[in-house]
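Note sheet for the following structure.
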Amino acid sequence: QVQLVESGGGLVQAGDSLRLSCAASGRTESSYAMAWFRQAPGKEREGVSCISMDHGHTTYSDSVKGRFTISKDNVKGVVYLQMNSLKPEDTAVYYCATDQWGLLSCSDSDMNAFDTWGRGTLVTVSS
C-alpha cells in the first residue's frame, strides 16, 4: 500500500515563497509519476504540476508556470513543489498524488487517473 504525506504548508504574504514536500512510502516501482493538485473553496480540484520519477519530465498548469518548480529525490522517495511569487489566488489545500501500481506518467489524460492521495496541506496567501 503506497502512502503519501505532505508537509510545508502555512500562512504567507503575497510575493513570499514556500516549499511543499511529499514523502512516499511503500513504493517498489522505479518508474512512476507524482503530482501536485490543489483545491480552493468553491472550486474544482486543479492539477498543478507533475513529475515523472524515472526521466524527470515535468508539467505545469498555466496558472503556476514560471512561478512554481517541481523536483524529486529518488533516493528519499520525495517530491517537492517550490512556490515563488505567491499570490492570494494560490490559496488552497494542496494534495500530493500518485497511483498504487506506478503506471502513470504526466500526460494530460493521466492527470485524471491518480488514485492515491495524501491528506493535504493548507497554503494561505494573504494580500
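The values are calculated or read from the model by the stated rules, or taken from the named source; none is laboratory data. Not measured: the values here are computed from a predicted model. Virtual Cβ from ideal backbone geometry, glycine too; neighbours counted across all protein chains shown. Protein only, heavy atoms only, side chains kept; ligands, DNA and RNA dropped before computing areas. Shrake-Rupley method; radii C 1.70, N 1.55, O 1.52, S 1.80 Å.
For GluC sites (Glu not before Pro), the sites in region 29-63 that DSSP calls loop and that have at most 12 other Cβ atoms within 10 Å are 44.
For region 7-22, 3J(HN,Hα) computed residue by residue from phi via the Karplus equation (6.51, -1.76, 1.60; θ = phi - 60°) reads 7, x, x, x, 9, 9, 9, 3, x, 7, 10, 8, 10, 9, 10, 9 Hz, glycine and proline entered as x.
Ordering 11, 1, 66 by Cα displacement along the dipole of the chain toward the positive end leaves 11 in first place; charges were set at the Cβ atoms of Lys, Arg (+1) and Asp, Glu (-1).
Applied to region 103-108, the Karplus parametrisation 6.51 cos²θ - 1.76 cosθ + 1.60 on θ = phi - 60° returns per-residue 3J(HN,Hα) values of 9, 8, 10, 10, 5, 4 Hz, with x for Gly and Pro.
A 1.4 Å probe run over the chain, with the rest of the protein chains in place, finds 52 Å² accessible per residue.
With Cα atoms defining each centre, region 77-127 and region 11-73 are spaced 4 Å apart in the structure.
In a fully extended conformation the segment linking residue 63 and residue 30 would gain 8.9 nm over its present Cα-Cα distance, using 0.36 nm per residue.
Per-atom-type breakdown for region 12-127 gives carbon and sulfur 47% of the accessible area (1.4 Å probe, protein chains only).
Taking a straight line from the alpha carbon of residue 43, these lysines sit under 30 Å away, with near neighbours fewer than eight places off in the same chain left out: 65, 72, 87.
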